[in-house]
Amino acid sequence: MGIIAWIVIGLLAGIIAKAIMPGKDPGGIIITMLIGIAGGLLGGWLGKVIFGVDSIDGFFELSTWIAAIVGSLILLALYRLITGNRRSHRHA
């Protein structure tokens, strides 16, 4: 897959992850898009390492989308954990 396809998958995976885990994020849409792109890469890598499968087969493959969304969810949860702690210390 080309870089444009990765960006599109990442953007959509970030939006889907945000819909699955609604809540207030301090970063906004740009951070959500970056988390989605990085999450797609993370999900593909985890699929290869843990399950030994090439989960990044093509743009229209279900495994590609599942890997990207799971990776995005993981990164979104980590981002909220890290930035949530920072935000609570500022108000204290």
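Couple of notes before you dig in:
- Computed 3J(HN,Hα) for region 74-79, one whole-Hz value per residue from the Karplus formula 6.51 cos²θ - 1.76 cosθ + 1.60 where θ = phi - 60°, is 4, 5, 5, 5, 5, 4, glycine and proline marked x.
- Sequentially through region 33-38, phi angles give Karplus couplings (6.51, -1.76, 1.60; θ = phi - 60°) of 5, 5, 4, x, 5, 5 Hz, Gly and Pro residues having no value and appearing as x.
- Placing R0 at 22 angstrom, the Cβ-Cβ distance between Val8 and Lys48 gives a FRET efficiency of 0.55 after rounding to 0.05.
- Sorting Leu41, Leu75 on solvent-accessible area from highest to lowest, probe radius 1.4 Å, gives Leu41, Leu75.
The values are calculated or read from the model by the stated rules, or taken from the named source; none is laboratory data. As the structure is a prediction and not an experimental result, all values here were calculated from the model. So basically every Cβ, Gly included, is an ideal-geometry build from the backbone, and we count neighbours across all protein chains shown. Accessible surface areas use protein heavy atoms only, side chains included; no ligands, DNA or RNA. Shrake-Rupley method; radii C 1.70, N 1.55, O 1.52, S 1.80 Å.
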